Amino acid sequence: MTAEGVSAAIDPLVKSSALGTKVHVAVVDVASGDVLYARNADTMTTPASTTKLLTAAAVLDARGASYRLSTRVVAGDEPGEVVLIGGGDPTLATTKNSLFPGAARLDLLAAQVKKALGGVEPTRLLYDTSLFSGAETAKGWDSGDISFGQVSRVQALMVNAGRIKPIHNEFGGDPRSSDPANAAARAFARLLGVPTSAVRKGKAPTAAASSAPSSAASSAPSGVVPGQQLGVVQSPPMVQLTDWMLEQSDNTAAEALGRQVALADGKPGTFDDATEAILARLTDLGLPADEANLYDASGLSRHNGISPSLLTQLLSLAASGQKPALSAIFGGLPVAGWSGTMHKRFVSPKPNQAGQGVVRGKTGTLSGVNTMAGTLTTKDGRLLVFAIMASGSGGAVTGRAALDTVLVKLASCGC
């Protein structure tokens with residue numbers, strides 16, 4: 001496979017009007033490091049959800065694959081008061097459901113709290129969301145992104161990524177709570193037997209010097225010390241969270257994980273701090289972070305810009321084994337015709353079915369924008385990484401089909 005052969009094979013397809021009026025492409029052979037095709041490869045363009053690849057790499061590098069997010073409850077300052085502390089876990093569930101496999105659950109947390117209180121009934125619930133701060137929506141989001149169910153307000157406490165019901169639809173249609181943290185707190189209050197009228201936003205007291213009860217704490221529930229932990233539940237490991245985020249293209253999960261990069265670096269959990277921390281991590285990994293301009297961690301913002309070259313260099317580094325934490329990215333990449341956002345890709349027209357099981361990629365879709373970055377195996381067994389970022393197509397369906405056609409040709413050309 002040569003650069004000349006690849007260019008001859010896919011250049012006519014890349015220039016097709018069906019793909020769009022502006023197309024940026026990079027294709028790299030992983031084993032040799034050779035750039036096999038480049039078109040506007042170093043120029044930033046709208047990435048849509050391929051942004052999530054940068055977020056996944058940064059949070060895996062910052063936190064590690066085994067890191068878990070904790071949702072805690074501590075004793076409050078007043079008698080009968082308990083405090084639910086959001087730990088930034090977007091997958092937190094109320095009870096067992098099939099949306100997030102292995103998710104931490106509020107019903108199990110409530111059982112811990114009841115046991116810790118020794119039969120004393122809590123009478124008031126505070127909820128603390130101070131882990132995240134700043135704006136709850138990003139610059140460049142469309143006005144309908146929340147109302148249509150593409151994303152929720154970004155808060156440190158929520159259940160089912162802010163959804164009212166535990167369902168997932170890649171292209172929206174998942175109704176979201178207007179105040180996810182309050183909705184989660186009210187759900188927890190019901191599990192504890194606390195009236196929802198006794199739920200309000202607040203701040204957890206400073207952690208007690210000792211977790212053991214003391215005689216000085218007789219006014220607190222069951223004699224526990226204000227700030228004493230009464231229960232904790234933990235999310236699945238970070239590698240599973242990034243798998244879900246990439247496979248299902250969950251925007252809220254991406255924003256929550258982006259904030260973990262900032263928090264790991266000792267910065268506040270804001271949009272600006274998250275995006276700055278992500279780019280700083282990429283720089284530390286030796287990647288050209290100056291070829292990205294981020295306003296969010298999910299790719300919903302139309303102000304974002306990423307070059308295809310940055311994406312292929314990231315994927316090449318992850319495939320090289322030099323940074324083992326980054327290799328976990330590939331477990332979350334959807335498989336063409338099989339999983340996640342690629343489940344229905346490479347299905348039609350019929351010639352595109354040759355890409356099923358061969359192409360793995362993070363898709364990206366905004367109005368007028370179709371992108372994909374990932375890996376494919378050629379018919380002669382070579383592993384390639386690619387990024388195709390197109391905009392200005394006449395229709396989403398025809399644009400995606402044209403993009404898929406390029407990858408099928410790349411995999412089968414023997415060029």
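The values are calculated or read from the model by the stated rules, or taken from the named source; none is laboratory data. All values reported here derive from a predicted model rather than from experimental measurement. Glycine gets a Cβ as well: all are built from the backbone with ideal geometry, and neighbour counts include every protein chain shown.
Things worth noting here:
- Selected residue (only one of Gly134, Gly80, Gly149 is crowded, with 17+ Cβ neighbours inside 10 Å, touching a helix residue (DSSP H, G or I) at 6+ places or on another chain (Cβ under 7 Å) and on the phi > 0 side of the Ramachandran plot): Gly80
- Criterion applied to Ala277, Ala256, Ala220 was being at pLDDT below 95, among the aliphatic types (A, V, I, L, M) and touching an Asp or Glu at 6+ places or on another chain (Cβ under 9 Å), and the one residue passing it is Ala220.
- Scanning region 113-134 for residues being of a type in the set (A, V, I, L, M) and either more than 36 Å from the chain's Cα centre (by Cα) or part of a loop (DSSP other than H, G, I, E, B) (or both) gives a total of 3.
- Selection status of Arg281, among the charged types (D, E, K, R), touching a residue at least 12 places away in the same chain (Cβ under 8 Å), touching a helix residue (DSSP H, G or I) at 6+ places or on another chain (Cβ under 7 Å) and farther than 25 Å from Leu92 by Cα: yes
- Here is the figure for region 323-371: residues that are of a type outside the set (Ser, Thr, Tyr) and not in a loop (DSSP other than H, G, I, E, B) total 24.
- Every test in (1) outside any strand (DSSP E or B); (2) small (Gly, Ala, Ser); (3) under 31 Å from the mean Cα position of the chain (by Cα) is passed by Ala38 save one, and that test is (1).
- Residue match in region 106-120 (condition: among the hydrophobic types (A, V, I, L, M, F, W, C), at pLDDT below 95 and crowded, with 21+ Cβ neighbours inside 10 Å): yes
- Checked against (1) part of a helix (DSSP H, G or I); (2) under 26 Å from the mean Cα position of the chain (by Cα); (3) modelled with pLDDT of 95 or more; (4) of a type outside the set (A, V, I, L, M), Gly399 passes all but a single condition, namely (3).
- Condition check for Lys52 on (1) among the basic types (Lys, Arg); (2) more than 22 Å from the chain's Cα centre (by Cα); (3) buried (at least 20 other Cβ atoms within 10 Å of the Cβ): one failure, at (2).
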